[in-house]
1. Can you tell me which condition R273 does not meet? The list is (1) open to solvent by 40 Å² or more (accessible area, probe 1.4 Å); (2) within 25 Å of L334 (Cβ to Cβ); (3) under 22 Å from the mean Cα position of the chain (by Cα), and all the others hold.
2. For the stretch 206-225, check the following and say yes or no: at least one residue is modelled with pLDDT under 95, small (G, A, S) and either under 22 Å from the mean Cα position of the chain (by Cα) or crowded, with 19+ Cβ neighbours inside 10 Å (or both).
3. If you go through the stretch 87-126, how many residues are open to solvent by 60 Å² or more (accessible area, probe 1.4 Å), touching a residue at least 40 places away in the same chain (Cβ under 8 Å) and within 26 Å of A346 (Cβ to Cβ)?
4. Among the listed residues I177, I167, which satisfies the condition of being more than 25 Å from L207 (Cα to Cα) and touching a strand residue (DSSP E or B) at 6+ places or on another chain (Cβ under 8 Å)?
5. Please determine whether any residue of the stretch 364-382 is aliphatic (A, V, I, L, M), open to solvent by 70 Å² or more (accessible area, probe 1.4 Å) and more than 19 Å from the chain's Cα centre (by Cα).
6. Looking at (1) acidic (D, E); (2) crowded, with 20+ Cβ neighbours inside 10 Å; (3) in contact with a helix residue (DSSP H, G or I) (Cβ under 9 Å, 6 or more places away or on another chain), which one does E73 not meet, given that it meets all the others?
7. Any chance you could count how many residues in the stretch 285-308 are aliphatic (A, V, I, L, M), outside any strand (DSSP E or B) and touching a Ser or Thr at 6+ places or on another chain (Cβ under 7 Å)?
8. Given the condition closer than 23 Å to A219 by Cα and modelled with pLDDT of 95 or more, answer yes or no: does some residue in the stretch 310-331 qualify?
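The values are calculated or read from the model by the stated rules, or taken from the named source; none is laboratory data. No experiment lies behind these values; they were computed from the predicted model shown. Neighbour counts run over all protein chains shown; Cβ positions are idealised from the backbone, glycine included. Keep in mind that these areas ignore ligands, DNA and RNA; they rest on the heavy atoms of the full protein, side chains included. Shrake-Rupley method; radii C 1.70, N 1.55, O 1.52, S 1.80 Å.
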Amino acid sequence: MERAVRTAAPYALLDTVRAALIKSYGASAVRLHLADYALTVLQPVDVAAHPEEALSLHNSPEGRAFGSQEPHEQLRHEDEVDHLLPVTVRGERLGILTVRLPGDRSTPEAVDDLTQVAELLGHEILVAERDTDLYQRARRVNRLTLAAEMQWNLLPARACTAREYAIGAQLEPAYSIHGDNFDWSAEAGELTLSVTNGMGEGIQASLLTNLVVNALRNARRAGIGIADQASLADQALYEQYRGAASVSTLLLRFDLETGKVDVVDAGSPQLWRQRGKSVERVEFDAQLPLGMFEESDYVAESFRVLPGDRLFFVSDGVYEAVSPRGEVYGDRALARVINATSLLPAAMVPRAVLTELAGHRETETADDALVLCLDWFGRPGDGKG
């Protein structure tokens, strides 16, 4: 089966998996649903066959399997069982594969095999997306604006897990975002992460953010430290806009062995830390946003994360959100929602925070809102001494 899936046409992955499961396990139905950009519904991939079959992420069996990241079973009529299997790659939750088997074929061994099939399918979807729009299209409840299209194509993923950490991130409004962005890159001994708050709206904001993110990536891939990454991105922006536009960025480098974190704070994104029952904002020396002046110098400062720490990164669209009564969301509300989501895995936290924020605003907003959650596990010995 693995060879068949890996050699299948990019648009035919589900058909290939379906044929293999029918032949090997007697499956009577195989369906794939992918989570939409806003993380509100699961959309069917084979839309032509099931045009009305979007499923809620919050109150459907498939949504519960997506949230728990554990295989679920549903007993069907005529002694058949639906197996709901998370399709997840390195912490990135893509969707749910549903496989209907005869009751006598629904053994623990079969479930283990199907779980591996779902994982294989997830990996192949990420590869296939280079060559087909099928899976991107399946994730869309509405049409993305051009600015949102550019921003989503710029992102690494919405979640990532490793031995030392777990990351979850989300942007809102998902289908019309402008300039907010996040990025990360993992190496054997370090994790580099950035949270960006671009100024302006629409295409201009997206172009601005694209320039700074790619400038940071270019410097990072040259093996340059984060202070110099910020300086080079600053120069690239200034050369293009001559100070007329700037980008606020929080840039961090985590040492995976020790938990030491180097930081360049160049603007408005905020960092909050939950350690035990304590929630507090972690403040740094404020430096100029990127692109304001020619040849600005940036300096990195340091702090340390301990195993069990949870870090929150939020853009100004979160902490400056205003209710219809003029109440700013602010520090107290942020601390409250951080505590309220403490039992959720990192991948699910940003959606929960943004849902609570939407209740505060009550109306649509023109500003982006970005939430990134990072759980730090560390390595053995990290945090001692």
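1. R273 satisfies all of (1) open to solvent by 40 Å² or more (accessible area, probe 1.4 Å); (2) within 25 Å of L334 (Cβ to Cβ); (3) under 22 Å from the mean Cα position of the chain (by Cα) except (1).
2. Yes; the residues of the stretch 206-225 include at least one that is modelled with pLDDT under 95, small (G, A, S) and either under 22 Å from the mean Cα position of the chain (by Cα) or crowded, with 19+ Cβ neighbours inside 10 Å (or both).
3. Residues meeting the conditions: 1.
4. Values: I177 fails: more than 25 Å from L207 (Cα to Cα).
None of the others qualify; the one that does is I167.
5. Within the stretch 364-382, the first condition is being aliphatic (A, V, I, L, M), and the residues that meet it are 366, 369-372, 374.
Those left that are additionally open to solvent by 70 Å² or more (accessible area, probe 1.4 Å): none.
The answer is no, given that none of the residues of the stretch 364-382 is aliphatic (A, V, I, L, M), open to solvent by 70 Å² or more (accessible area, probe 1.4 Å) and more than 19 Å from the chain's Cα centre (by Cα).
6. For E73, the exception is condition (2).
7. Initially, the stretch 285-308 is screened for residues aliphatic (A, V, I, L, M), giving 286, 288, 290, 292, 299-300, 305-306.
Cutting the leftovers down to outside any strand (DSSP E or B) gives us 286, 288, 292, 299-300, 305-306.
Add one more test, that the residue is touching a Ser or Thr at 6+ places or on another chain (Cβ under 7 Å), and what stays is 288, 292.
The number of residues fulfilling the criteria is 2.
8. yes
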